[in-house]
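Okay, so here's the structure we're looking at.
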Amino acid sequence: MAAACPRCSAPAVERDKCAQCGVVASVYAAALEKMRRPPAPPGPGPTVADAPVPARADTPRAATPAAARPAEMRPPAPQAAAPRANTPTWGVAVASAAPRPATNGSTPAPTAASALAMMAPSQTRMLTFHGAGGTLFGIYVVNVLLTIATLGWYRFWGKVKVRRFMLSQTGFEGDRFAYHGTGKELLLGFFKAAMFVGLPITLLGIAAELSHDKMIHGVTRFFTSSLVFFFIPIAMVGARRYRLSRTSWRGIRFSFRGRASAFTKIFVRGSLLSMLTLSLYYPFFQARQQHFMVSHSHFGRRPFRFDGRGRDLFGPYVLTVLLFLPTLGLYTFWFQAKKTRYFWEHTYFETARFRCTVTGRQLMNLTIGNLVWLVVTLGLAWPWVLVRNARFAFAYLNIDGSLDLAGIVQEPQLATATGDALSSLLGADVDFA
């Protein structure tokens, strides 16, 4: 008989598996029932005196008092229950989520999160990158040759090949990521972005240059710059939405559900306040952007969370500004490492938390090394630079806590490549391959 799902309260569960959330109803219900049971009260086991004594019908026997019995036949005295040792549990989340006994002797009902935490062990997980710079260099050479042969049109397919390679070489829990974008999508997105954004901006720029009236020239240039400024946050949201929707792991795709209008308000307000405060608002601006981008990102139907605050980065940022000239700008690497660690360590997925251990010196060595490679090889080391950056990022990034990966279900995807093309057109990258 069909019954409601104990996890998501779906109307019916057929064949013991919920069609909406994918959880096995019997296993989930058994876990909840097990946690609702109160612990059995400790007590002494059965004694010798309580054991029945067989009596013979022809010779009745009087019962022997317990005190008169031999010592080896007396029941042992009940001992106090020993304190529980640090026994291994299924995870840190179980210890924190397990309900404490109520004062009236009843046990509170467990939550769904505690049941899931009990079924998923807690551990430290890492992303790994398996790609080699030589393989990517082969893709890079073919892309350059075909782009030249097609007068630049092949670059959309070349970009897809690079993204597909980088994600297919990234592994997590023994499975690789996958990229599902196509060159055709990027080409159509480029046409839309160029027609509705690039063309008006270009025409306004030409009109400003041809105008001989200084006032008209100034107004046109101001309007053009304002138009570009307002399109940057729209491009950032569109690019993140498209790239996440084309990325999957174990067949489940990522998604982004933030609204461009909401992010535009954050971007415009933060940019203006940063200028008015001589960049002192910059840490708050960065934290607000990160909160929006992370909190609206999903894997399947489950969201990521971010709880960082700009005031925690204000002190390190002020110190960076004060030490910029004395250190010839090198102290910015330490602030960048601090910000990277802070952003990752305040990012969560369910009960799991990201942890980053990168330092300023490591980041400085990576950046300077990449720059030397590119200068010495005249840019030919670009594939190796991408591989070095990926390995560096994953080497200092961990995921701590329990994860219910089996219960994640797919979410419908609706996204176009217009935002991705617009971000490339305006130079507004979103730090996502």
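The values are calculated or read from the model by the stated rules, or taken from the named source; none is laboratory data. These figures come from a predicted structure and were not determined experimentally. Cβ: placed from backbone, ideal geometry, glycine included. Neighbour counts: every protein chain shown.
Things worth noting here:
- Of everything in segment 303-340 that is among the charged types (D, E, K, R) and surrounded by 16 or more Cβ atoms within 10 Å (Cβ to Cβ), the residue that is nearest to the chain's Cα centre (by Cα) is LYS339.
- Options ARG259, ARG269, ARG253; residue that is of a type in the set (Lys, Arg) and touching a strand residue (DSSP E or B) at 6+ places or on another chain (Cβ under 8 Å): ARG253
- The condition of being more than 25 Å from THR124 (Cβ to Cβ), at pLDDT 95 or above and out of contact with any helix residue (DSSP H, G or I) (no Cβ under 9 Å at 6 or more places or on another chain) holds for only one of LEU374, LEU386, LEU325, that being LEU325.
- One residue stands out in segment 146-194 among those that are polar (S, T, N, Q) and touching a strand residue (DSSP E or B) at 6+ places or on another chain (Cβ under 8 Å): the one that is surrounded by the most Cβ atoms within 10 Å (Cβ to Cβ), namely THR170.
- Some residue of segment 227-237 being farther than 19 Å from SER295 by Cα and free of Cβ contacts under 8 Å to residues at least 40 places away in the same chain: yes
- Members of segment 168-199 that are under 19 Å from ARG250 (Cα atoms), outside any helix (DSSP H, G or I) and polar (S, T, N, Q): GLN169, THR170
- Taken as a whole, the condition of being within 18 Å of MET126 (Cα to Cα), of a type in the set (Asp, Glu) and modelled with pLDDT of 95 or more applies to GLU345.
- Within segment 192-224, being over 19 Å from ALA235 (Cβ atoms) and aromatic (Phe, Trp, Tyr) holds for one residue alone: PHE222.
- Index of the failed condition, THR277 passing every other in (1) loosely packed, with under 15 Cβ neighbours inside 10 Å; (2) among the hydroxyl-bearing types (Ser, Thr, Tyr); (3) under 30 Å from ASP175 (Cβ atoms): (3)
- Candidates THR182, THR124, THR202, THR170 - the one that is within 20 Å of TRP382 (Cβ to Cβ) and not aliphatic (A, V, I, L, M): THR170
- Among the residues making up segment 280-293, a single one is part of a loop (DSSP other than H, G, I, E, B) and buried (at least 17 other Cβ atoms within 10 Å of the Cβ): TYR281.
- Restricting attention to segment 200-233, the residues that are loosely packed, with under 15 Cβ neighbours inside 10 Å and within 28 Å of PHE254 (Cβ to Cβ) add up to 1.
- Odd one out for GLU350 among (1) among the charged types (D, E, K, R); (2) modelled with pLDDT of 95 or more; (3) out of contact with any strand residue (DSSP E or B) (no Cβ under 6 Å at 6 or more places or on another chain): (2)
- Among the residues of segment 234-242, none qualifies, meaning not one is closer than 27 Å to HIS296 by Cα and surrounded by fewer than 16 Cβ atoms within 10 Å (Cβ to Cβ).
- Tally of residues being surrounded by 13 or more Cβ atoms within 10 Å (Cβ to Cβ) and not in a helix (DSSP H, G or I) across segment 363-383: 2
- Residue check, PHE335 touching a strand residue (DSSP E or B) at 6+ places or on another chain (Cβ under 8 Å) and not basic (Lys, Arg): no
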